[in-house]
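The values are calculated or read from the model by the stated rules, or taken from the named source; none is laboratory data. Small disclaimer: the values here were computed from a predicted structure and weren't measured. Here the Cβ positions follow ideal geometry from the backbone for every residue, glycine too, while neighbour counts run over all protein chains shown. Quick note on the areas: whole protein, heavy atoms, side chains included, nothing else; ligands and nucleic acids left out. Shrake-Rupley method; radii C 1.70, N 1.55, O 1.52, S 1.80 Å.
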Amino acid sequence: MKVEVETTYRVLLNDADQSILLATLTYMMGQRRDRIQELRGKIERYERKREQERNAYQQMSAIRRWLAARTPEHHLAVEQLVYVKQPMMEIERLAGELSRLQRVAETAGADSKATLYIPAGCSQELLDNYEERGGKRG
């Protein structure tokens, strides 16, 4: 099986072992799923924390609220960017890679003579994991 980089058509593996390649792709997909779950957990923890802070502030007496130092809006906007927006963009990127890797794995499983096109961002990771599982470059 021949493996090439999607955009440059550079040959990564000329005669790849199908079973090792499928194991490598499955491992890479698992890593992306795990990372997506981590990021979703991070977002949920932040949202729970913000909700608790909001509830605690609302339960204060009027005098305590007046004296309490509330987080400035621009700080909240930066927190929102760091804890929600950036992880969501990372989730979208990983989900795109995951779907492309799933298509590559389906093609690899269906036809042992096919040429596979790997996303450019995953090429070095694929090579490293392939060799780690006993495959030879060539």
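With a 10 Å radius around each residue's Cβ, average the other Cβ atoms per peptide and rank 77-86, 62-71, highest first.
On the way: 77-86: 13.0, 62-71: 9.1.
Averaged packing, sorted descending, gives the order 77-86, 62-71.
Region 12-79 to region 82-100: how many Å between their Cα centroids?
First find each Cα centre; the distance between them is then 11 Å.
With the alpha-carbon atoms as the only input, what is the per residue convex hull volume for region 1-118 in Å³? All intermediate terms of the calculation are to be shown ahead of the outcome.
Values: hull volume 12.1 nm³, N = 118.
With only Cα atoms used, region 1-118 gives 103 Å³ per residue.
What number, in percent, do you get for the relative contact order of the chain if the mean sequence gap of Cα pairs under 8 Å and at least 6 apart is divided by its residue count?
Numbers: 123 pairs, mean separation 69.8, N = 138.
Result for the chain is 51 percent.
Would you mind calculating the gained length between Ala77 and Arg103 on full extension (0.36 nm times residue separation, minus the Cα-Cα distance), in nm to one decimal? It would help to have the intermediate numbers written out before the result.
Details: separation 26, 0.36 × 26 = 9.36 nm, distance 3.77 nm.
Contour length minus the Cα-Cα distance gives 5.6 nm.
When ligands, DNA and RNA are left out and all protein chains stay put, how many square angstrom of accessible area per residue does the chain have with a 1.4 Å probe?
Numbers: 9010 Å² over 138 residues.
Using a 1.4 Å probe on heavy atoms only, each residue of the chain averages 65 Å².
Give, in nm to one decimal, the length gained when the segment between Lys49 and Ser112 is fully stretched (0.36 nm per residue of separation minus the Cα-Cα distance). It would help to have the intermediate numbers written out before the result.
Values: separation 63, 0.36 × 63 = 22.68 nm, distance 5.02 nm.
Here the answer is 17.7 nm.
Within region 58-138, what whole-number % of the accessible surface is contributed by carbon and sulfur, with the 1.4 Å probe and all protein chains included in the calculation? Write out the running numbers ahead of the final one.
On the way: 2920 of 5510 Å².
Carbon and sulfur: 53 percent of the exposed surface of region 58-138.
Residue separation times 0.36 nm, minus the C-alpha to C-alpha distance between Arg40 and Ser61: what's the value? Display every interim value, and only then the final one.
Numbers: separation 21, 0.36 × 21 = 7.56 nm, distance 3.43 nm.
That pair, Arg40 and Ser61, stretches by 4.1 nm at full extension.
From the mean inverse distance of alpha carbon pairs (Kirkwood) and the Cα radius of gyration, derive Rg over Rh for region 7-75. Mind dumping the intermediate values first?
Details: Rg = 24.5 Å, Rh = 17.1 Å.
With Rg and the Kirkwood Rh in hand, the quotient comes to 1.44.
Would you work out which of Gly109, Met89, Ser123 lies farthest towards the positive end of the dipole of region 53-130, given +1 charges on the beta-carbon of Lys and Arg and -1 on that of Asp and Glu, about the Cα centre?
The residue sitting most towards the positive pole is Met89.
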